[in-house]
1. Give me, ordered by chain and number, the residues 5 or more places off T41 or on other chains with an amide H under 5 Å from its own placed amide H.
2. Over the stretch 188-313, what per residue volume does the convex hull of the Cα atoms give, in whole Å³?
3. Based on the inverse mean of 1/r over its pairs of different Cα atoms, what is the Kirkwood hydrodynamic radius of the chain, in Å?
4. Treating only the Cβ of Lys, Arg, Asp and Glu as charged (+1, +1, -1, -1), what charge dipole size does the chain show about its Cα centre? Round to the nearest 20 debye.
5. Divide by every residue of the chain the summed helix terms, -39500 (n - 2.57) for each DSSP H run of at least 4, and state the resulting mean residue ellipticity at 222 nm, rounded to the nearest 500 deg cm²/dmol.
6. Once you place label points 7 Å from the Cα toward the Cβ at E279 and L69, how far apart are they in nm?
7. With viscosity set to 0.692 mPa s at 37 °C, what whole-number translational diffusion coefficient in µm²/s follows for the stretch 260-351 from Stokes-Einstein and a Kirkwood radius over Cα pairs?
8. How do R195, R252 rank by accessible surface area computed with a 1.4 Å probe, from largest to smallest?
Amino acid sequence: MSILTDVKNLGQQIWLDNLSRSLVQSGELARMLEEGVCGVTSNPAIFQKAFAADPLYAADIAALKTQNLTAKQRYETLAVADVRAACDVCLKEYEADSGRGGFVSLEVSPELAHDAAGTVVEARRLFREIGRPNAMIKIPATDAGLAALETLVSDGLNINLTLLFSRRQTVKAYEAYVRGIRARLARGEAVGGIRVVASFFISRIDNALDSNLPEHLRGKTAVALAKAAYADWQDFFGSTEFAVLAGQGANRVRLLWASTGVKNPAYPPTLYVDSLIGEDTVNTVPEATLQAFVAGGTARAALAEDADAAFAVLAEVAGLGIEVEALAERLQQDGLAQFDEAFAKLLALLS
């Protein structure tokens, strides 16, 4: 039995943080699903690398450039087709897991990060164009993104809320989700098919903080913060208030650990997978991290362990004058800028 199956039995799904035409057409994605991978995520940087390096795109890109389309329209033509094809490969997982797994994420344009209305329009359009029940539209957790989340949940869309870096940001996401669920229920519409994940970024936190920390705290803040966020999640979705909504069919938002490839080569390559396995969570991993975990990872429900020690780490970090919430805002802005840059390169490739 694969270690990925062991993780699945512990209540966590592993999703692949990569998508390309070769991955799907070669049968590699199907093989990964057979071994225990449960879904796929994408972003502008992933597509930019795929379009530039995967020879299977060359003919279509050349053909699209002869058509009277904008670079963004050419991108969406390719990306929607890829996500649709990946959804078809993952549909068996989606159906076997009662709609909990088998999702494939496609991100709205980074240009809409601060445009709630524009995000809603584009998310609806992309979801409709993909036309698959296991599609998941990815939107950033900006203030505009949270407003869009509420509307899109009310619409009944599956959403991957991305670029979360703090506990406060994440609880605000849960609250927006609940408002969307209540609005839908108030119209007498079903909510049981709506799935939302909250993508909490991990390695970028340690990467930003470690140089300012004493040695005994390096490489520990991100995991401690994730454990604290998981405790918040248990409190929020274990409340009597949410139990009322659950009784009407509402699903819990799942925490998704993102950016789980280590950035410091001194750390074990599976640090952010081994340490964050917990019930009703997702970990989306790049291929190199997935391979390292399959080769030498540890499947143990570590996320719920040593909660007191995690809070002690956070207290010590705060005692050094480091404001984690302020850092989270900066990291979110940095993440938005990185996706803007990747999207610009992607559009340049298709112009």
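1. For T41, the qualifying residues are L16, D17, N18, S105.
2. Residue-normalised Cα hull volume stands at 123 Å³.
3. 20.5 Å
4. 780 debye
5. -17500 deg cm²/dmol
6. Placing both labels 7 Å beyond Cα along the Cβ direction yields 4.7 nm.
7. Taking Rh from Cα pairs, D becomes 203 µm²/s.
8. R252, R195
The values are calculated or read from the model by the stated rules, or taken from the named source; none is laboratory data. Predicted model only: the values in this text are computed from it and were never measured. Glycine gets a Cβ as well: all are built from the backbone with ideal geometry, and neighbour counts include every protein chain shown. The accessibility values were calculated without ligands, DNA or RNA, using every heavy atom of the protein model including side chains. Shrake-Rupley method; radii C 1.70, N 1.55, O 1.52, S 1.80 Å.
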